[in-house]
Each structure stands twice: as structure tokens, then as C-alpha cells.
Amino acid sequence: MADTQQSTGSMASSSGTAYALFLHRQELQRRQLLYTKISRTKIQLTKELIAKQKQRLGSCSNEDLEILNRETQFKRTLQQKLKHRSKQLKAMARQQERLS
């Protein structure tokens, strides 16, 4: 019974990863790349990879743990950049309103 639950959870996360990868590819194929959408899909993919790696935490090697750490740092950095970019865009919009 536990094997069935584990394989069902594995399939669900697998389909979630596949969909996140699909979304990311769709964004990359657009003529006008939108930084925020691409970053969000990257964050989603990284989140999925981290979740998969955490499921196998008991059988991880030191190299796997280093990879997990790098993925986590990458996700945090990307989230910070996205937040900073959002603040910049809001400031630019406010400045445009003042000039209008």
C-alpha cells in the first residue's frame, strides 16, 4: 500500500515537473521574452527539482546534498532578483505617473 502511495505521489510530481518544463519552454519561445514569466517558470522548475531531491534525502550522497544546496541557493537568488525587478517596475510606473 505504501508503494502505491509513493508511486502515485511520484507520478503527480513528475507530471507537475513536466508541466512546469512545458511552461518554461513556452515562455522561451515567445518573440518578446518577459523576464518575470521566465523567472517564475525557472523558480517553479527548481522548486520541483528540490522537492524530488528531498524525497530521496535518505539515500543522498554528499554530491547530491551539494546539488540540493546549489538548487536552493539558485531559487532564493532568483526570487530576490524577481522581487527587486518588481520594485523597480513599480517605481518606474510611479515616476511615469508623476510626469504625465
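The values are calculated or read from the model by the stated rules, or taken from the named source; none is laboratory data. Remember, predicted model here, so these are calculated numbers, not experimental data. Cβ sites come from the backbone with ideal geometry, for glycine too, and all protein chains shown count toward neighbours.
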Exercise for the section: Name the single residue, out of those in the range 1-46 being among the aromatic types (F, W, Y) and more than 18 Å from F74 (Cβ to Cβ), that is modelled with the lowest pLDDT. Expected result: Y19
Practice task
Pull up the range 47-100, narrow it to residues that are hydroxyl-bearing (S, T, Y) and at pLDDT below 90, then point me to the one that is farthest from G16 (Cα to Cα).
Solution key: S100
Practice task
Of all residues in the range 21-53, count the ones that are of a type in the set (A, V, I, L, M, F, W, C), farther than 20 Å from L89 by Cα and touching a residue at least 12 places away in the same chain (Cβ under 8 Å).
Solution key: 6
Handout entry: Number of positions in the range 22-68 that are assigned to a helix (DSSP H, G or I), of a type in the set (S, T, Y) and farther than 20 Å from K83 by Cβ
Key = 1
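Yes/no per residue for (1) of a type in the set (S, T, Y); (2) over 23 Å from Q26 (Cα atoms); (3) surrounded by 13 or more Cβ atoms within 10 Å (Cβ to Cβ):
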residue: C60; (1), (2), (3): no, yes, yes
residue: E71; (1), (2), (3): no, no, yes
residue: L78; (1), (2), (3): no, no, yes
residue: R94; (1), (2), (3): no, yes, no
residue: R98; (1), (2), (3): no, yes, no
